[in-house]
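Encoded as structure tokens, the structure appears first; notes follow it.
The values are calculated or read from the model by the stated rules, or taken from the named source; none is laboratory data. All figures in this text were calculated on a predicted structure; none of them were measured in a lab. In this analysis, Cβ positions are derived from the backbone assuming ideal geometry, glycine residues included, and neighbour counts consider all displayed protein chains. SASA here: full protein model, heavy atoms, side chains in, ligands and nucleic acids out. Shrake-Rupley method; radii C 1.70, N 1.55, O 1.52, S 1.80 Å.
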Amino acid sequence: MEIPEKNSGRGGAILSKIATNDQHGENSEYFDGWKAYDKDPFHLSRNPHGIIQMGLAENQLCLDLIKDWIKNNPQASICTPEGAHQFSDIANFQDYHGLKEFRQAIANFMGKARGGRVTFDPDRVVMSGGATGANETIMFCLADPGDVFLIPSPYYAAFDRDLRWRTGVEIIPVHCSSSDNFKLTVEAVEWAYKKAQESNKKVKGLILTNPSNPLGTMLDKETLKNLTRFVTSNNIHLVVDEIYAATVFAGGNFVSVAEVVDEVDISEVNVDLIHIVYSLSKDMGLPGFRVGIIYSYNDSVVSCARKMSSFGLVSSQTQLMLASMLSDDRFVENFLMESSRRLGIRHGVFTSGLKKADITCLTSKAGLFAWMDLRHLLRDRDSFESEIELWHIIIDKVKLNVSPGSSFRCTEPGWFRVCFANMDDDTLHVALQRIQDFVSKNNNKLVEKASVHDQTIQNNNAKKQKWRQGNLRLSFRRLYEDGLSSPGIMSPHSPLLRA
Amino acid sequence: MKHLSTKVTSNAHGQDSSYFLGWEEYEKNPYDEIKNPNGIIQMGLAENQLCFDLIETWLAKNPDAAGLKKDGHSIFKELALFQDYHGLPEFKKALAEFMEEIRGNRVTFDPRKIVLAAGSTSANETLMFCLAEPGDAFLLPTPYYPGFDRDLKWRTGAEIVPIHCSSSNGFQITESALQQAYQQAQKLDLKVKGVLVTNPSNPLGTMLTRKELNLLVDFITSKNIHLISDEIYSGTVFGFEHFVSVMDVLKDKKLENSEVSKRVHVVYSLSKDLGLPGFRVGAIYSNDEMVVSAATKMSSFGLVSSQTQYLLSALLSDKKFTSTYLDENQKRLKIRQKQLVSGLEAAGVTCLKSNAGLFCWVDMRHLLDTNTFEAELELWKKIVYEVKLNISPGSSCHCTEPGWFRVCFANMSEDTLDLAMERLKEYVESTDSRRVISKSSHERIKSLRKRTVSNWVFRVSWTDRVPDER
């Protein structure tokens, strides 16, 4: 790995390692898709041939409901004639406990988003700068530099930055595989835990996102219970990022770790080890308002996280507005129901559209995305180079920005996360049309199906390890040259060669 | 609990300091004109509550900004989704221009060099992460804002080494003090990465002189280190002299595009000048593109709410508003400060001559039983619990001389300030009769000596008064 020379020639006034290393993860080639999108963004009328953004997990489906509420509730804003009498108090309010009504409203909303099956204590609600800030802060509270957190893979790419960059914490993936639908098992966690300990690593806990990003799947109650038992018996922490809690489609069953804490016998779960991260960015589609929440059952963590929230408080203007909105039970209940319904419909439209192109997705009942199986389109089923190659084709030829599985540290090539809730119906239709056109055009492909068995998986892991260590920077040009020069894995009729 | 991080269990957040304990006492028994007239008056909070009416008036006249509208169209959706860490371009532009206006348009700020942060609390911490490794040190002149212990050191692992300033010259930074601090750091085996100053100063309320600024720039040049200038109070200057920023000095020394200028970083916020601490608007300004780049990425951990950015971009783009505001803010601060100073004088107490900030640096050395920090703490407790005023003891600001206190004046009504001064006067009068008798001859000689000296410090003993030169 190249050592940055950015600090050379500056004598004593060099910048910190954090400022100059690549641990923020943003130099990764995975941002190529974004860059391409930024240069040529799709617009239904102004740029109908541009790239459609399907790499951004935003929820745009219910903003109309929120907008209407705001219009009908001018007193919730400090800027309107109806609300201006609160202006000076709110503008002045920087107490890191946050507005009491805000915490109560958040606790209320969190409970309702879990079907009223659990209640949350407003005094345990701690603010942060989005879930980004919350995840970093919880690491600062639970781990010292060099400590380890286990994390099931595939996982949200930015965790590499949020959990590690400034904290010095190390994350070790617990690999999940397609052979059992990427399900997280306690056995896999135990194995990873043991392996880490054998390498003399100090494991402080397990962090997972439930519902999962990028999978969209949810943990079943039994597994969640067993995980809480596991962390308790090993005296390590469990952090559950429930940022997608209310993106469960109508009919889905989300089990929050809060429910498990209630149900599991007190002798089997040490609640001081259980922490929840939350945010309104996905459930409500308000990432711009920066509302992150840490909810911990551990008093010391609540206290410390609250002090640290000074580094990322929620704007008091935003707190006030949301305090009012989220304590409006009628609004909240209708919003949650409607959001769930719209997401389910959108998901259905998207996955059936993909089916028409013979593309399947992992079965999921939550999230703002689908985990798409494109293994059959890979030039070489065992290679991540092939995945990247396919990805570049999708960006350049199909003109969709999707996210390759390797960016989520998936151990099997060929999976892609595709977002479907960040656009209107027409755009979704165009995207599906493009996919269907592309696939039918290339239907005479003769890609050999690589069989998936243990040896292949091990090869994948080894290759992936080597690839990661080498910090390979692949450009499309180089891939293309590789493709041309590599000995006949690929059929001479493969469309990917032609592309 | 040993399975939490050391950050949880250490005291490095600094919250056990008396600075915060006074707050806690206030919270338990807060003064209210009607509901709790005998409660503690909060004078430990550097807030600016003097000009909300101006902002409220502006809001009433600008319904579009208030209602998340642009040209009559709702932009709610765009704002709800906007989480780009580069910030709203119109907001950064307006902020840059506001910063220029505060500096009399003598220097320019490029919006592309601004990084937004969640308050200057976050801005300062982020700069530390960018400039220092754990164990590296920054030199800070004492006395300094107590929150720096948390903001600069807690999660970053950086260290603070004090540059000792004394009342003998009005707490100005001297070359020898700088060198001494640098050497002290080296003795402690700490690598010095830079100097951080707050200008205008908290808690002193004074502005750094050109001489001090030149000294600082020369110092960081020779040592090849950074200079952070926290100019959060730049818009609270109410004296006859205008505010001189480190940017002015760089310009005057023709160092604007030099290597040195890349090591000078300015921190700003709207919490003091505009009195909007609740909105969490901080900024880092740096000429070093790598710092800007790294800090921008780090701002992900504390972005400014988009609805707040939008509101403030409209507010600050209204030049008529900003010039009226800055003018009026200065006028009101000046009057209010004078009210505090006169009230203190009536109680036989003087303070450091100042023309900025939201507080005065008050000299209560003559009220101490002994010239010790224990005595200072005793006096402070009496003032909090008996006089019922929450003020900040100098020791919480790392002052090297006991007996100084920071007293805020811009966070309460005139009537409340009057009441506070009355209480103080009563207390001083009641204790002074006891004090004159017990004062040692050593103290008397010391007080006689110091009486003659500088423009900056006035020392008043019970028996003597030096004419006011303000």
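Before moving on, here are some points about what is shown:
- Estimated distance in nm for a label pair at A:L44 and B:L377, the labels positioned 7 Å out from Cα along Cα-to-Cβ: 6.9
- A probe of 1.4 angstrom, applied to the heavy atoms of all protein chains, finds B:V260 with accessible area near 10 square angstrom.
- Zone residues, the stretch B:249-283, relative to B:T57, backbone N less than 13 Å from point 7 Å out along Cα-to-Cβ: none
- Using the average count of surrounding beta-carbon atoms within 10 Å as a protection proxy, the listed peptides B:160-166, B:83-89, A:264-270, A:69-75 rank, highest first, as B:160-166, B:83-89, A:69-75, A:264-270.
- Which of A:C141, A:V269, A:I171, positive extreme of dipole for the protein assembly as shown (C-beta unit charges): A:I171
- Carbon + sulfur, % of accessible area of the protein assembly as shown - ligands and nucleic acids excluded, 1.4 Å: 50
- Complex-versus-alone comparison for the stretch B:189-223, residues with a loss of 20 Å² or more in accessible area, probe 1.4 Å: B:K191, B:K193
- Averaged over B:71-84, number of beta-carbon atoms from partner chains that fall within 10 Å: 5
- When each of the peptides A:98-110, A:186-198 is scored by the mean number of other C-beta atoms lying within 10 Å of its residues, the order from highest to lowest reads A:98-110, A:186-198.
- Protection-proxy order for peptides B:356-365, B:384-393, each taking the mean of Cβ atoms within 10 Å per residue, highest first: B:356-365, B:384-393
- The residues of chain A expose on average 39 square angstrom of accessible surface per residue, using a 1.4 Å probe on protein heavy atoms.
- Principal-axis tilt of helix A:221-234 within chain A, Cα atoms, nearest 10 degrees: 80
- Cross-link partners of A:K67 among lysines (Cα-Cα below 29 Å; sequence separation of 8 or more within a chain): A:K100, A:K112, A:K282, A:K365, B:K61, B:K69, B:K70, B:K77, B:K92, B:K93
- Here the extension length gained between A:Q433 and A:R330 equals 33.2 nm, from 0.36 nm per residue of separation less the Cα-Cα distance.
- Global geometry of the stretch B:297-385, whether rounded, prolate or oblate, following the gyration tensor of its Cα atoms and the 1.5 cut on a/c: oblate
- Per-residue shielding of A:154-163, expressed as the average number of other chain Cβ atoms within 10 Å of the residue Cβ, stands at 1.
- For the stretch A:17-47, a reduction of at least 50 Å² in accessible area between the chain on its own and the assembled protein chains (probe 1.4 Å) is found at A:E26.
- Assigned charges on the beta-carbon of Lys, Arg, Asp, Glu; the stretch A:1-140 dipole about Cα centre (debye): 260
- DSSP bridge pairs, chain A: antiparallel proportion in percent, nearest 5: 50
- Prolate/oblate/rounded call for chain A, Cα gyration tensor, a/c under 1.5 rounded: prolate
- Angle between chain B longest axis and helix B:289-298 axis [Cα atoms, degrees, rounded to 10]: 90
- Solvent-accessible heavy-atom area per residue, rounded to whole Å², over chain B at 1.4 Å: 39
- Listing of the stretch B:261-281 residues, each with accessible area lower by at least 40 Å² in the full protein assembly than in the chain alone (probe 1.4 Å): B:P277, B:G278, B:F279, B:R280
- With a 1.4 angstrom probe, the accessible area lost at the B-A interface totals about 6400 Å².
- Rounded, prolate or oblate (a/c below 1.5 giving rounded, otherwise prolate when a/b exceeds b/c) for the stretch B:1-104 by Cα gyration tensor: oblate
- Dipole magnitude of the stretch A:322-389 about its Cα centre (Cβ charges: Lys, Arg +1; Asp, Glu -1), debye to nearest 20: 340
- 10 Å Cβ neighbours from other chains, averaged over peptide B:112-124: 3
- Spatial separation of Cα centroids for the stretch B:218-295 and the stretch A:124-188, in angstrom: 36
- Given charges at beta-carbon only (K, R positive; D, E negative), |dipole| of the stretch A:101-258 in Debye: 160
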